[in-house]
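I have placed the structure first, in the form of structure tokens, so that the comments after it can refer back to it.
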Amino acid sequence: MKLVGIDLGGTGIKAGACDETGRILDSKSIPTGLGDGPEAVLDRMAQLARDLGADKRVGVGSPGLIDHANGRVLESPNLLTMQGVPMRREIARRLGFAERDVILENDANCAAFGEQWCGAGKGESDMLLVTLGTGVGGGLVLAGKLYGGPGGMAGEIGHVCIDPDGPPCGCGRRGCVEQFASATAAIRRAKDKGLPRAKPGDLVQLSRLAREADGPERALLHDIGRDLGRGLGMVVCLLDLRTYVIGGGFGAATDVLEAGIRVGLRDRSYGDRLQSVRILPAQLGSDAGWIGAARLALS
Ligand SMILES: [Zn+2]
């Protein structure tokens, strides 16, 4: 059985086909070309699905708040062109599918579902995916099922507040995790400290230096990890969740963030359970989104 998933992004569309165990059969990516308008983007998405052999169903991941009742993206700052477009209906029409056979879901939720299926969270029935990119995204899997809540907003760890007096956030409030631990925040924090010394703001170099020596780079990543861990500590208190998969571009630094994350977890939660908390780097990279979307086509 062939499953096809599409991951729509602001700059690129990634899509692929896998079998019912998540084994990758084929994948492709093309520029989104938002400037060409929503019709052109929908055409490209449908063409990708066709090229990959979707013949009955397809899963689609998109950034933003998803209106499940009407199959559209309600609100997405990075994808304004597609806001309000009846994506599910339009893709179904282009492919000749019934509308119910196009499954639309938030992209971070798809990535979480992908990682839990055949990535870092494989074998875990409960996990939170945290993506450290431009912002901090999250996706929650509970009892082996994607849990989005009524509006698909569950798992939004990026907007858990860890400091009510902290820096302002894009969501209109202050001191959200995103303002401390996203890749963007990490670049800002590194530059503020003039780190890494050779090339301020270079996260790859910052992580490498932190790995190599116990210097100011390691101290900064420890602080960033601690701030993320404080947010995760609230999840531990609320759900007793033990598995945290860290992805996104800055997720590559999980190994050097982990010590700080554990300090933050201890700051904001308690008990022996902290010893069994697992902090794992994501494994599927940029394939996680389409793989999770493809899995949605299975269920
Ligand atoms: Zn926020």
Extended-chain gain in nm, criterion 0.36 nm per residue less alpha-carbon gap, residue 267 and residue 101: 55.2 nm
The chain - mean residue ellipticity at 222 nm from DSSP helices (-39,500 (n - 2.57) per run, n ≥ 4, rounded to 500): -11000 deg cm²/dmol
Projected-area average for the range 123-283 over all orientations - Cα convex hull basis, square nanometres: 9.5
Ellipsoid equivalent to the range 234-276 - semi-axes via the Cα gyration tensor, in Å: 20, 12, 8
Evaluate E = 1/(1 + (r/R0)^6) for residue 238 and residue 214, where r is the Cβ-Cβ distance and R0 equals 35 Å; express this FRET efficiency to the nearest 0.05. 0.55
Which percentage, to the nearest 5, of the DSSP beta bridges contained in the chain is antiparallel? 60
For the range 150-220, state the semi-axes of the equivalent ellipsoid (square roots of 5 times the eigenvalues of the alpha-carbon gyration tensor), sorted largest first and rounded to whole angstrom. 28, 13, 10
Between residue 192 and residue 174, 0.36 nm times their residue separation minus their Cα-Cα distance comes to what? 4.5 nm
Quickly rank 56-62, 5-11 as a protection proxy: mean count of other C-beta atoms within 10 Å, highest first. 56-62, 5-11
Proxy reagent accessibility, fewest Cβ within 10 Å first, across 117, 290: 117, 290
In a Debye calculation with equal point scatterers on the alpha-carbon sites of the chain and no solvent, what is log10 I(q)/I(0) at q = 0.13, 0.14 Å⁻¹? -0.88, -1.00
Residue 7's amide H: which non-local residues (gap 5+, or another chain) put their own amide H closer than 5 Å, with H modeled 1.01 Å from N in plane and none for Pro or chain starts? 14, 15, 61
What helices does the chain have that are whole DSSP H segments, at least 15 Å long along their own axis by Cα, and with mean Kyte-Doolittle hydropathy of -1.0 or more? 38-51, 107-118, 216-239, 254-268
Stretched fully, the stretch from residue 153 through residue 78 gains (0.36 nm per residue minus C-alpha distance, one decimal, in nm) 25.3 nm
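We did not get these values from a lab; they are worked out from the coordinates using the rules stated. Note that the structure is predicted; figures quoted are calculated from it, not measured. No Cβ is skipped: glycine too gets one built from the backbone with ideal geometry, and neighbour counts run over all protein chains shown.
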